[in-house]
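The values are calculated or read from the model by the stated rules, or taken from the named source; none is laboratory data. Everything quoted here is computed from the prediction, not taken from an experiment. Note that each Cβ is placed from the backbone with ideal geometry, even for glycine, and that neighbours are counted across all protein chains shown. For accessibility, only protein heavy atoms count, side chains too; no ligands or nucleic acids. Shrake-Rupley method; radii C 1.70, N 1.55, O 1.52, S 1.80 Å.
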2 protein chains.
Amino acid sequence: MTTMGYSGSDPSATVCAEMIEAVRAAEDVDGIHRVCSRLCREVGFDHFIYGAQFPVSLVRPRIVIISGYPAEWREHYDASGYLTADPTVHHCATRSTPVVWRDLAAAGRRRQKEARFWGEAGEYGLRSGVSFPIHGKSGEFGMLSLASTEPHFKMDAAIRRVLPIGQLLATYMHEASRAVFDQECLPIRYDGLTTRERECLLWTAEGKTAWEIGNILGISERTVVFHLKNVTEKLNVTNRAQAVARAVACGYIQPRLSR
Amino acid sequence: MTTMGYSGSDPSATVCAEMIEAVRAAEDVDGIHRVCSRLCREVGFDHFIYGAQFPVSLVRPRIVIISGYPAEWREHYDASGYLTADPTVHHCATRSTPVVWRDLAAAGRRRQKEARFWGEAGEYGLRSGVSFPIHGKSGEFGMLSLASTEPHFKMDAAIRRVLPIGQLLATYMHEASRAVFDQECLPIRYDGLTTRERECLLWTAEGKTAWEIGNILGISERTVVFHLKNVTEKLNVTNRAQAVARAVACGYIQPRLSR
DNA sequence: CTCGTAACTGTCAGTTCTTGCAGGAGACGA
DNA sequence: TCGTCTCCTGCAAGAACTGACAGTTACGAG
């Protein structure tokens, strides 16, 4: 096989490039919605939905939904508390690979709530589809789903074809929605910690006491306390546990592969 | 445009399906290496490298490297401390979208260390390429890079073509390496926390004291302490800060979209 | 009905954290 | 040279956490 095996007219490459440009250019939620809506049609699906949660607060994370799903289904979904039963959400929350609904439906046939979930989804016009997970560096989590009113066996080829481009597009959608989102809550994303502060915080996250950290870093316990006090002020939190939670969730401390 | 715009002989779809099967079937690091090596050749690149870090410990994360890079370059890379200067690592650590090296090289032309980095990479046979980031739910972070000895302008088309399949494959590689990795340190990934324990931990991560959490949950301060004590034992950590760090890093507390 | 588990509550002693106060040394840019 | 920033240090009081002992209640599985 040669490098040129792919060359010539590969239609998906063109569509792909166009879509990426479109998503990149989108400046607000509506823009993303339009692009995704178009993609959905062009690759032969009927509905799409993109959802993401940003761990601004661990107890009340910020949720973003860009929906091309039937409104009635979404209402029913929420009312039935399907978020915790939906196997596509479970898959996407725990893995990084896309998942074809057919595979999940087959595996979950025996669980009652799950079986009912698939049955009712079908009644609302969601009979087959595929979901793409996206995880971000700050622990934010999103997923893009494409659905069809056609049954599984009719969509097989379309789903296989959409796998690569779908996953790629999901990453761009995620970045786009993050950019839009970041405009709203930038202050929380700034750390501005000094090296020493980050070191102290890191060892705190490892369960060390101030005294122990002092020994490790060769400074006095008092100085460690001083640095950690500055950390809690900079991150605008009330104690070390919350500082650690925020720093880990936002990726401030995760030994620096980045600059 | 119709759904069938893609149908017929789309060579990348076939390659894609084959590769995914191969990665899925890979049972160890060598297996992943073989598959990736083959992909690399088939899509017209000369070198590949996959790296991932698993936040088992925040201070000393576990690093996994599956390398198809020239050994000399890797040695020089480590010796020069390029991990912190490498703009591809920086991009992948902070974003979810793939990045074409040409774009980064253009942006970083003015920074000294970065300019030297690109120059030396070229001398070792890495003149153009593309990198795909993968983030996982537990904060683990990986990246797959494909590189060529050819200059940017000659690889343009190949890079554009490999974008979708590369990103998809990166997710499967990540899952595969995670599966291999999980075999080694499964105990740390098990939480087994009860609902109440997770609730208490969650509020702790929000900076609440035991007394406050007791008020929030309508139970006594003593009971909260009791639950948190159980949490530190189950997670095998020494205090609440470390429990929070581990729970956030491993995704135990991030209000449950999952079951 | 027994067993295991989750959830809940109490007291007490010792350790650690949090927050005030006050101050010094060195690096760096305006 | 001055101001700012980072890093460092001491003391002290009160709040919060940790660990150990000793229980009760509720519920489902076997």
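Taken over region A:65-113, the criterion of being open to solvent by 60 Å² or more (accessible area, probe 1.4 Å), of a type in the set (A, V, I, L, M, F, W, C) and either in a loop (DSSP other than H, G, I, E, B) or at pLDDT below 85 (or both) is satisfied by A:A79, A:L83, A:A107. Is it the case that A:A121 is farther than 29 Å from A:A179 by Cβ, in contact with a strand residue (DSSP E or B) (Cβ under 9 Å, 6 or more places away or on another chain), within 11 Å of another protein chain (Cβ to nearest Cβ) and at pLDDT 85 or above? Taking the combined requirement at face value, the residue does not satisfy it. Pairing residues of region B:190-201 that are more than 13 Å from B:K234 (Cα to Cα) and within 14 Å of chain A (Cβ to nearest Cβ) with residues that are within 16 Å of DNA strand D (Cβ to nearest atom) and at pLDDT below 80, at Cβ distances under 6 Å and at least 6 apart in sequence or on separate chains, gives no pairs at all.
This table checks each residue for (1) under 23 Å from the mean Cα position of the chain (by Cα); (2) within 13 Å of DNA strand C (Cβ to nearest atom); (3) at pLDDT 90 or above.
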{"residue": "A:E150", "(1), (2), (3)": "no, no, yes"}
{"residue": "A:M155", "(1), (2), (3)": "no, no, yes"}
{"residue": "A:P164", "(1), (2), (3)": "yes, no, no"}
{"residue": "A:H174", "(1), (2), (3)": "yes, no, no"}
{"residue": "A:F181", "(1), (2), (3)": "yes, no, no"}
{"residue": "A:G192", "(1), (2), (3)": "no, no, no"}
{"residue": "A:L217", "(1), (2), (3)": "no, no, no"}
{"residue": "A:K234", "(1), (2), (3)": "no, yes, no"}
{"residue": "A:R256", "(1), (2), (3)": "yes, no, no"}
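The lone criterion from (1) more than 9 Å from DNA strand D (Cβ to nearest atom); (2) away from chain A (no Cβ under 13 Å) left unmet by B:E221 is number (1). Cβ separations smaller than 6 Å between residues 6+ apart or across chains give the following pairs from region A:229-245 residues that are closer than 16 Å to A:E206 by Cα and in the same structural domain as A:E206 (by TED's automatic domain parsing) to residues that are open to solvent by 90 Å² or more (accessible area, probe 1.4 Å) and within 10 Å of DNA strand D (Cβ to nearest atom): A:A241/B:R240. Among residues of region B:224-241 being crowded, with 22+ Cβ neighbours inside 10 Å and over 16 Å from B:T195 (Cα atoms), the one that is nearest to DNA strand D (Cβ to nearest atom) is B:R240. Of the residues that sit in region A:34-50 and are buried (at least 20 other Cβ atoms within 10 Å of the Cβ) and not in a loop (DSSP other than H, G, I, E, B), which one is nearest to the chain's Cα centre (by Cα)? Among those residues, the one meeting the criterion is A:Y50.
Every residue in region A:137-160 that is closer than 21 Å to B:P133 by Cα and assigned to a strand (DSSP E or B), please. Selection gives A:F141, A:G142, A:M143, A:L144, A:S145. Scanning region A:194-215 for residues that are buried (at least 16 other Cβ atoms within 10 Å of the Cβ), more than 8 Å from DNA strand C (Cβ to nearest atom) and among the hydroxyl-bearing types (S, T, Y) turns up nothing. Mind checking whether some residue in region A:114-127 is at positive phi, touching a residue at least 24 places away in the same chain (Cβ under 8 Å), open to solvent by less than 60 Å² (accessible area, probe 1.4 Å) and not in a helix (DSSP H, G or I)? Looking for residues that are at positive phi, touching a residue at least 24 places away in the same chain (Cβ under 8 Å), open to solvent by less than 60 Å² (accessible area, probe 1.4 Å) and not in a helix (DSSP H, G or I), one finds at least one in region A:114-127, hence yes. Scanning region A:191-218 for residues that are away from DNA strand D (no atom under 11 Å from the Cβ), basic (K, R) and closer than 17 Å to A:A249 by Cα gives no hits. The combined condition, being acidic (D, E), at pLDDT below 80 and in a loop (DSSP other than H, G, I, E, B), is fulfilled by A:E27.
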